[in-house]
């Protein structure tokens, strides 16, 4: 199937599903309170966007997600590299890291609310706990699985420990980190929204919680729709960055 | 690169050897004395890879090490490179004990050693840039080498875009650009098809003849060893193998590798050395059969 034909079929499928939804609500088969009309949802989205209501919330959510991602990725990378290079530390800290990783992160949200307040920092901390472990474990695995021959060859060519890191370990770990980047970016946003949902004064998660509080299902769906579009755009950007940074990799034929 | 070139003084030294043999230890490009290497096995026992290896390689000489499977050929090379410490014995290069990696040596690996995330020219110039040579200078030297190995139009490709033979050439340029005094080669051409392999052997000999570097070449292929070398060292059957013979190859140079296998001198040497190697190969084979019998 050609790409164009595939796209048209996908468009048709979307129209079919939304059309069926719209019709079954209008026909009274599905309760409009629980499943608002798609056309009404889109209208609410339009109102939120055109009135500018959603943008301050979106901005807060993005700030939280970006901070959570940056701090989580930085600490995860650093600790991943250090533990991969120092066997002793890895063995020492392994059980503790496993313990914290096993903890369902949502239970941390209330305690972070107490510690860091209703502002953005409780969400950053929450997103951090999600992002950190993904980046950390991937970095650790990435550095440990570097081809022995590449390391030996670089050492024979005179690489210092710092140069080994720069020319061999970091690029090699990048492939692992990038394979997890989509997940960790998604988790950063998840962390922000869930954190807001549980207690906040601004953000998309807060807006959704507010709409839910007054049984405004259209608002809940509109918030979901806007988040979905934003995450899709971010994922697209991550894809382009990945393609640029990993351009040395053979193209995988599908 | 501040690697000195002792090769220019080889002739002086060969003149002096009879009068001043005491200078011995300072002059071997690679000198393994009584080197033993053991590894602990998972079962808690000790496995001897090689035992009491003595190997002396004079600067400018091409020495091949041939042995049956599992005779610890790579272990010897890794000790000479400083990638592996001997459990007993000493490793010296130009009189200096090898601590950490051997700074006078380059290594050519059996596997592909190119960094997949660097272009061909970045791979080739890596040794220079890491030594602090400016990028412009390193690139111009790398271009010179790429031309030498016939890859000047491929400077901006990534390794995965090259054929196996081209990757090998890139690896050769990468190893030679730092102008090492010793080249350690671990079956560098074993992954290539037969024709490409012969071409690469010819090119290697040409490069080496211009350079006067010492080469330690590991192979399991006796033909290749005799065709290329000044000296062929035979290792015994493993484990715990050691040097069981050393043969001078006095076929005159330059050699034409494409016809050398018909040369009467080659044939005679091959018969003599194979006579010795055959014993070790069949020992290895019998051990393997016996082990298989144990398992069954």
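Being more than 9 Å from every other protein chain (Cβ to nearest Cβ) and either free of Cβ contacts under 8 Å to residues at least 40 places away in the same chain or in a loop (DSSP other than H, G, I, E, B) (or both) is the filter here; which residues of the range B:71-88 pass it?
Of the range B:71-88, the ones more than 9 Å from every other protein chain (Cβ to nearest Cβ) are B:71-77, B:79-80, B:84-88.
Scanning the range B:71-88 gives B:71, B:72, B:75, B:84, B:85, B:86, B:87.
For the range B:195-226, which positions are within 29 Å of residue B:286 (Cα to Cα) and surrounded by fewer than 22 Cβ atoms within 10 Å (Cβ to Cβ)?
Of everything in the range B:195-226, those that are within 29 Å of residue B:286 (Cα to Cα) and surrounded by fewer than 22 Cβ atoms within 10 Å (Cβ to Cβ) turn out to be B:220, B:221, B:222, B:223, B:224.
When the range B:173-189 is examined, which residues are found to be assigned to a loop (DSSP other than H, G, I, E, B), farther than 21 Å from residue B:133 by Cα and touching a residue at least 60 places away in the same chain (Cβ under 8 Å)?
Result: B:187, B:188.
Considering each of B:101, B:91 in turn, give the residue that is within 19 Å of residue A:155 (Cα to Cα) and in a loop (DSSP other than H, G, I, E, B).
The unique qualifying residue is B:101.
Identify the residue in the range B:257-296 that is outside any helix (DSSP H, G or I) and touching a helix residue (DSSP H, G or I) at 6+ places or on another chain (Cβ under 8 Å) and, among all such residues, is surrounded by the most Cβ atoms within 10 Å (Cβ to Cβ).
This residue is B:257.
Can you tell me which residues in the range A:96-149 are under 13 Å from residue A:184 (Cβ atoms) and out of contact with any helix residue (DSSP H, G or I) (no Cβ under 6 Å at 6 or more places or on another chain)?
A:137
Looking at (1) crowded, with 22+ Cβ neighbours inside 10 Å; (2) closer than 21 Å to residue B:220 by Cα; (3) free of Cβ contacts under 8 Å to residues at least 40 places away in the same chain, can you tell me which one residue B:146 breaks?
(2)
Across the range B:109-134, which residue is nearest to the other protein chains (Cβ to nearest Cβ) among those that are in a helix (DSSP H, G or I) and in contact with a helix residue (DSSP H, G or I) (Cβ under 6 Å, 6 or more places away or on another chain)?
Once the filter is applied, the top-ranked residue is B:130.
Which one is surrounded by the most Cβ atoms within 10 Å (Cβ to Cβ), of the residues in the range B:159-169 that are in a helix (DSSP H, G or I) and within 12 Å of chain A (Cβ to nearest Cβ)?
Among those that are in a helix (DSSP H, G or I) and within 12 Å of chain A (Cβ to nearest Cβ), it is B:159.
Taking residue B:139 and the conditions (1) buried (at least 17 other Cβ atoms within 10 Å of the Cβ); (2) under 21 Å from the mean Cα position of the chain (by Cα); (3) more than 14 Å from every other protein chain (Cβ to nearest Cβ), which numbered condition does it fall short on, given that it satisfies the others?
Result: residue B:139 passes all but (2).
Being touching a strand residue (DSSP E or B) at 6+ places or on another chain (Cβ under 6 Å), at pLDDT below 90 and crowded, with 19+ Cβ neighbours inside 10 Å narrows it down to one of B:229, B:241, so name that one.
On the way: B:229 fails: at pLDDT below 90.
Going through B:229, B:241 in turn, the sole match is B:241.
Across the range A:111-152, which residue is surrounded by the fewest Cβ atoms within 10 Å (Cβ to Cβ) among those that are within 14 Å of another protein chain (Cβ to nearest Cβ) and assigned to a helix (DSSP H, G or I)?
Only one residue fits best here, namely A:148.
Return the residue satisfying two criteria in turn: it lies in the range B:95-108 and is facing another protein chain (nearest Cβ under 10 Å) and surrounded by 22 or more Cβ atoms within 10 Å (Cβ to Cβ), and of such residues it is farthest from residue B:190 (Cα to Cα). Steps first, please.
Taking the range B:95-108 as the starting set, the residues that turn out to be facing another protein chain (nearest Cβ under 10 Å) are B:100-103, B:105-108.
Next, from what is left, pick out any that are surrounded by 22 or more Cβ atoms within 10 Å (Cβ to Cβ): B:102, B:105-108.
On the way: B:102: 24, B:105: 21, B:106: 18, B:107: 15, B:108: 12 Å.
That would be B:102.
The values are calculated or read from the model by the stated rules, or taken from the named source; none is laboratory data. Because the structure is predicted, anything quoted here is derived from the model rather than measured. Ideal geometry is used to build each Cβ from the backbone, glycine not excepted, and the neighbour counts take in all protein chains shown.
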